[in-house]
Amino acid sequence: MNALSEQAPTLIRLDDYRAPAWRVETVELDFDLGIDASEVVARLLLRRDPAQTAPLRLDGENLQLLSIALDDQPLPATAYRYIGNVLEVDGAHDGSVLETRVRLRPAANTTLEGLYLSGSREAGFLLTQCEAEGFRHITFFPDRPDVQSRYTVTLRADHTRFPVLLAGGNPDGSGKLEGGRHWARFVDPHPKPSYLFALVAGRLEKIERDYVTADGRAVQLKIWAEADAIARCDYAMAALERSMRWDEQAYGRNYDLDVFHVVATHDFNMGAMENKGLNIFNAKYLLADPDSTTDDEYRHVEAVVAHEYFHNWSGNRVTCRDWFQLSLKEGLTVFREQSFSADMNSAPLKRIEDVALLRRAQFPEDAGPLAHPVRPAQYSEINNFYTATVYEKGSELVRMLAGRLGREGFRRGMDLYFERNDGRAATLEDFLAALGEANGTDLTPYLAWYAQAGTPRLKAHGHYDAASREYTLTLTQQIQADTHHEPGTPLPIPVKLALFTRNGDMLPLQMDGQTAKPETERIVVLTQAEQRFVFHNVITAPVPSLLRGFSAPVILDCDYTPEELALLLRHDIDGFNRWEASQQLAIRAYENLRDGVADVALQAWCEALAQLFQDDTIDDALLAELLTPPGEIELAERETGIDPQHIHMLRERLQQRLAERLGAMALRQRFQTLDAHASIELDALSQARRRLKRRVLELLNLADGGSARVLAAVQYRSAPGMTDRLAALTMLVHGHAAQAAAVLADYRERHADNALALDKWFAVQAQLPGDAALERVLLLEQDPAFTLKNPNRVQALFGAFVRGNPSGFHRADGAGYRLLAERLLTLDALNPQLAARLATAFNGWQRLEPQRREAARVAIAGLARHGALSRNLAEIIGNVLSH
Ligand code: TRP
Ligand code: ZN
């Protein structure tokens, strides 16, 4: 009884939400595990909503049903129907127990969803991925997050092939069975939705730590990995301990089971997964050692470990009512993760990185045919909504609320949120209600942020009246339509600001009716389409520093002169706004070059940076960021009729002008000073030095390529760790240096046994600027180490090419688009989630210049005409094409 049916894509709508007619109080799962075939027996204790009459309907996809019984009576074939992806069963009542037995084919499952095999048949291990709707690939179940059940899981398998058996919850016995087999049982006392179920079985090694929570629970922390990777888990373990302490201190949240398992796999569609008591990680975000991991990657490991751990409260204890509320757990958890990382590292740097990511990944999404509100109104395939908008913009919305309530107020609100919703499947309304009520304020106006797609635009205009010493700031917002395409309401936009004198001093901010001593920084909240804010006793015409710390996720349009931006770049004490001034000035400088007009902004940018380059009070990492103009994707966002290769060329010229102003000599000296400290230490100072060293070398390459290449070649060989080695490799390869082939061969051999290091070898080459990239990608596809079956490898080659290399992907002849379209078809048959994610690289094709636009259109339309696309890919292609 194999149900394989192609269904017409149906749209799931938020407005159609209904509470489940049937719930599952307890579930007993028995797995008989094998690589080729595994059997699953599920016993569900059913509860019926007395107010509803719907028959029992359970989700199930590609399940081979072996037997079915209701209240211990085998069911005749007439008493149930398995049609499409739904099993309908007659005769169930409140308190009934339904037992099903199904067979799964883990080794044949290339989707990496449900139960699948990681690695080879001989040496690999079995694991599950259930979010969002993978549990229905394992057994029949009401697979929706508002059905929360207590799980008892028993695993049985051959002892030699599967010595380690893990599932979520607390261990509840294990033992030997006949025929060389064994078993292990796990009981999870916390009711949970099915998407948080997980199991792992195979040959794995572990490292262990004992941890005692602030409220006194002894917890065993165990990180599991394959034998060749276990030595690279120590950093993750330390990061896990830091995360647990931080959540206790910052939010008063303690861990709630006796064990916490974390497992690394090389075959994973996303970053990591917060399964209750059994987090599963893409190895990329867990394994780390100085020889193969860059500083950026170390920080990602720390952040993702924290993110998944924090989900234990924001996601697991309080889960989502339905998938439209996804940002309730993801936006909130990203915010918690960002706050943690800011506390562990440099806070201004973290903010710069987060905003840069938002602009690079979320703004383009929000500006094109894939735009959707943080709480979407409808979807066809939920996996397509694990987006930068739900995650990154969602986090910005939480940050705005946190800023609005202040540190203590936000904590009060979060305490109430957790207390009230513990064990529940909640909504974004529940979240805003708790934050508001704990603070005696109404936050419902912020719901509009969750309902409107698109990045709001904020216009700022200042006017100084010398006679009255009044400074008037007029803020105007552009109003967008909401999810129902009804005219939107104005958004509450908090604008943190300061006013600077022309000498770079901050002015006191005195507003109407203010009695307290005026501060030099404050937040004004724009709640209407347009509002004026008046400041009194302003002694001189000021330069406003607006949206400090990026206090709202908007595009700010303010009529600064280049001199004013340069002043903020020199003097603003808000690290973020200082960087922002450099970014805005760099954009003006870029426009000077593009439009062939007087280079006033370019001069101002270079002069200000030349001055800061000599200033040794400034943090090296911040300086590195100040010296970096916005990326090519961000520059393209501001234009229509885009030619990405032209943008690349202009951005190179812009940087060359900066490099020449700084001077080859000064750059070389700075490089040498920084290089004298070369080390593999991970403290902030050492990381900052490496970051600046890389930037200085890149600039030197533009001012004096010959000497930069010599330094890079030396650095490649003498680098004590991956950060320096990869920086040198990248420079030599992208600059087509004579040494490029030799260092690539050396790297390849040196890291042949390390998949994550080898991924970087693929990615560096896929990011060769310009037309050369495509041929290289075709060549690398033939490499024996390349496979479409491993998402990390696919991302390293194709992800780096189509998303990380605009000037390579966007060839004028359209060959990049055709290659992507072809590979998407092959990939879609293996792994629809991955194919759909990669296909989002076509986003924005409508804004390309005519020749490229037409080539892209033909490639995408060809895909769309293909009959047999997955629901995942079909939805992305359909949306990309239709708007
Ligand atoms: N919830 C995961 C997170 O922490 C995201 C995730 C992991 C996921 N694996 C997935 C989402 C597979 C969809 C499909 O962000
Ligand atoms: Zn998450």
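The values are calculated or read from the model by the stated rules, or taken from the named source; none is laboratory data. Predicted, not measured: the structure shown is a model, and the values here were computed from it. Virtual Cβ from ideal backbone geometry, glycine too; neighbours counted across all protein chains shown. Quick note on the areas: whole protein, heavy atoms, side chains included, nothing else; ligands and nucleic acids left out. Shrake-Rupley method; radii C 1.70, N 1.55, O 1.52, S 1.80 Å.
Okay, residues lined up against (1) open to solvent by less than 10 Å² (accessible area, probe 1.4 Å); (2) assigned to a helix (DSSP H, G or I):
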residue	(1), (2)
K284	no, yes
D289	no, no
R299	no, yes
H307	no, yes
N312	yes, no
L326	yes, yes
G331	yes, yes
E337	no, yes
P348	no, yes
(request) Return the residue satisfying two criteria in turn: it lies in the stretch 130-187 and is surrounded by fewer than 17 Cβ atoms within 10 Å (Cβ to Cβ) and within 21 Å of L66 (Cβ to Cβ), and of such residues it is farthest from the chain's Cα centre (by Cα). (result) G179
(message) Of all residues being more than 25 Å from F786 (Cα to Cα) and not in a strand (DSSP E or B) in the stretch 270-282, which is nearest to ligand 1 (Cβ to nearest atom)? Just the residue, please.
(response) E274
(request) Kindly list the number of the only condition in (1) of a type in the set (D, E, K, R); (2) crowded, with 22+ Cβ neighbours inside 10 Å; (3) at pLDDT below 95 that fails for R578. (result) (3)
(message) Given (1) in contact with a helix residue (DSSP H, G or I) (Cβ under 6 Å, 6 or more places away or on another chain); (2) within 27 Å of F410 (Cα to Cα); (3) within 14 Å of ligand 1 (Cβ to nearest atom), identify the lone condition not met by L358.
(response) (3)
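Please pick out the residue among A157, A167, A225 that is touching a strand residue (DSSP E or B) at 6+ places or on another chain (Cβ under 7 Å), in contact (Cβ under 8 Å) with a residue 40 or more places away in the chain and under 26 Å from E297 (Cα atoms).
Working: A157 fails: under 26 Å from E297 (Cα atoms); A167 fails: under 26 Å from E297 (Cα atoms).
Exactly one residue qualifies, and that residue is A225.
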(request) State all residues of the stretch 43-72 that are in contact (Cβ under 8 Å) with a residue 40 or more places away in the chain, open to solvent by less than 30 Å² (accessible area, probe 1.4 Å) and not in a loop (DSSP other than H, G, I, E, B); if no residue qualifies, say none. (result) L44, L46, L56, L58, L65
(message) Need the failing condition index for F842 against (1) of a type outside the set (D, E); (2) open to solvent by 10 Å² or more (accessible area, probe 1.4 Å); (3) under 27 Å from the mean Cα position of the chain (by Cα), just the number.
(response) (2)
(request) Could you list all residues from the stretch 707-748 that are more than 16 Å from K760 (Cα to Cα), surrounded by 19 or more Cβ atoms within 10 Å (Cβ to Cβ) and of a type in the set (K, R)? (result) R709
(request) Tally the residues that are surrounded by fewer than 18 Cβ atoms within 10 Å (Cβ to Cβ) and hydroxyl-bearing (S, T, Y), restricting the search to the stretch 776-809. (result) 1
(request) Those residues that are surrounded by 16 or more Cβ atoms within 10 Å (Cβ to Cβ) and not in a helix (DSSP H, G or I), I need them from the stretch 862-879; list them, please. (result) L869, S870
(message) Given the criterion part of a strand (DSSP E or B) and either closer than 30 Å to D422 by Cβ or within 16 Å of ligand 2 (Cβ to nearest atom) (or both), identify the matching residue among L87, L117, L98, L126.
(response) L98
(request) Please go through the stretch 397-453 and pick out each residue that is surrounded by fewer than 16 Cβ atoms within 10 Å (Cβ to Cβ), closer than 21 Å to Q249 by Cβ and in contact (Cβ under 8 Å) with a residue 24 or more places away in the chain. (result) D415, D422
(message) Looking only at the stretch 619-628, how many residues end up being crowded, with 21+ Cβ neighbours inside 10 Å and not in a helix (DSSP H, G or I)?
(response) 1
(request) May I ask you to list the residues in the stretch 188-208 that are in contact with a Lys or Arg (Cβ under 8 Å, 6 or more places away or on another chain) and part of a strand (DSSP E or B)? (result) D188, P189, H190, P191, K192, P193, G202, K206, I207, E208
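Evaluate the following for D267: is it under 23 Å from L117 (Cβ atoms) and not in a helix (DSSP H, G or I)?
Yes: the conditions hold for D267.
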